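The values are calculated or read from the model by the stated rules, or taken from the named source; none is laboratory data. Being a predicted model, the structure only gives us computed values, none of them experimental. Methodologically, a virtual Cβ is constructed for each residue, glycine included, from the backbone with ideal geometry; neighbour enumeration extends over all protein chains shown.
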Amino acid sequence: MKRIISIALVLSLLFTMVNLNLDFMKEAIKSEEAFGLAPSLFSPQSTENGITISWQWDNQSKILQVNGQSESPFHNIEIYDEDPSNMLFEYLFVVQITTAEWNVTISDGNCTCMISINSNGGNIHQIVANIGEDIHVPMIAMTSTPSTGPHRGSISYTGNSYNVDENITLSNTLILCPISTGHQSCEDTIGDYWNNLGGLVDTFSVNWTWGADESFSISLNLQDVSQLSDGEYYVGWALRDENLLSSWSIIPNTLIVDRKPPEISLAGPDMVNESAQKITIDASQTDDQSSLYYSWIIYLPDGSARGPYEDEKQYLNDAVPSLLITPNITGEWIFKATITDEAGNQNVSNLTLFVTNLGPVAHLALNSIPIQDGSSHQLVQGGEWMFSANASTDTSNDVDELTFSWLLDGEEISALYEFHLEEHEISGVHMLNLRVTDDDGAMDEISISLISAGSEETVKEGKSIFVALGISLLLVLIGSVSIGLFRVRNSKRILPDWKPNSK
């Protein structure tokens, strides 16, 4: 009997020990569950765009260690929970850094955390981390956004939504808030969207397209949204599930809406004299909210067209908002400026310039002595008769292109700017014409008379005879005058004195 009791005691002890072990094991499992499992991290395309992400989870301390490496141009790293205004971590590295290595510790025991890596080039990479066992709100991680430059047509955003229960229906909206209202005001508007549907938010249709894997794309044609004025906007999203759990965020990159073409200001003279002096055709005062690209076409008076030469371009950074032109061709010039902004909006304007020709002025010299138009000149055979038009003038751009024509009695005898007449035998009286013409056909003319007086010796003899004859005539004239005066003086009569008769 004692033996049976002993066996019963042993079995009872063994059963108790088994129960204790089972309870201990249950308690151990319960304790592990109380600690919580490793967080769920959603990281689409985690190695694209020069980004590498890794993390370690300490199950005992409930600490998430996130390590990252970002290559330029990624410049800003943010970590926040379902309230984006509650920033858990922010890192900004300067432009000179090509690769940034960073790490952050998230010690919040329960967090629906967003890890966002943004660049000013429009690239974005976002990761959602659900930490802890408390309720997690649905979140959106953007995978692409429009570029940071101005837009005038269709834009699109892509991303993924993350929810603990994939069977729960989500409601979503895209919100544009004018940057002029301030970031804080837009945060308040977007954050309170579900409590104040509509509010200050633009009410236009945005097309959301969802994929089977909870990915989505958002498309919007800005040309179809007439109530959306041009300007810069903060873009946000608001998400809510059927249990009214919601989240919101402002996408790091702003959106610039620009559907208005540049307002061209094209300035320059409408009439100038033909010259080698340069004039400015200026479109630099054209008004637009973005950078501009200038394209020029110059239509010349002969109907041909060309682009500006390199030395005519007046650069401002990489653009050519003005031209420096030499108006050296007479007639109508047309300058066509086509100006395009960053969004692709384009405008065209023309400026017409009429260039007036200034004709040449003929100057004639005989043996380096200037001669006036219409004068007469006696030539002596055997002398050196060098005629020159070298002093003729015109505008600086035409003076080297002048042509000359010398006509003797209507027949051209030379086309040079100077010539010697001694090579041509002439006698008597002749008419010499000088015609000076520029490249536009404008002409100036000088006419003079030439009298051929024989040989130089004959002329000298003639001059001597003429001088002697002149002296003789002068002496005769003097003698005649003297004789006349003498006669007048002797011809006076002496009258007698009259006396009265005496009676």
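Could you check segment 130-142 and list, in sequence order, the residues that are surrounded by fewer than 20 Cβ atoms within 10 Å (Cβ to Cβ) and touching a residue at least 40 places away in the same chain (Cβ under 8 Å)?
Gly132, Glu133, Ile135
Go through Ile297, Ile264 for me and flag whichever is farther than 21 Å from Cys186 by Cα and in contact (Cβ under 8 Å) with a residue 60 or more places away in the chain.
Ile264
Please indicate, with yes or no, whether at least one residue in segment 373-390 is touching a Phe, Trp or Tyr at 6+ places or on another chain (Cβ under 9 Å), of a type in the set (S, T, N, Q) and either at positive phi or buried (at least 18 other Cβ atoms within 10 Å of the Cβ) (or both).
Within segment 373-390 (the criterion being touching a Phe, Trp or Tyr at 6+ places or on another chain (Cβ under 9 Å), of a type in the set (S, T, N, Q) and either at positive phi or buried (at least 18 other Cβ atoms within 10 Å of the Cβ) (or both)), the answer is yes, since at least one residue qualifies.
Mind checking which pairs have a first residue in segment 68-93 that is at negative phi and a second that is at pLDDT below 75 and among the small types (Gly, Ala, Ser), Cβ under 6 Å, 6 or more apart or different chains?
Listed by first residue and then by second, the contacts come to Ser70/Ala100; Glu71/Gly50; Pro73/Ser119; Pro73/Gly121; Phe74/Ser119; His75/Ser119; Phe93/Ala100.
Keeping to segment 240-295, report how many residues are under 22 Å from the mean Cα position of the chain (by Cα), of a type in the set (Asp, Glu) and surrounded by 16 or more Cβ atoms within 10 Å (Cβ to Cβ).
3
Would you point out the residue of segment 237-258, among those that are part of a loop (DSSP other than H, G, I, E, B) and at pLDDT below 90, that is farthest from Tyr157 (Cα to Cα)?
Residue satisfying both the conditions and the ranking: Asn243.
Go through segment 150-170 and count every residue that is surrounded by 16 or more Cβ atoms within 10 Å (Cβ to Cβ) and of a type outside the set (A, V, I, L, M, F, W, C).
Count: 10.
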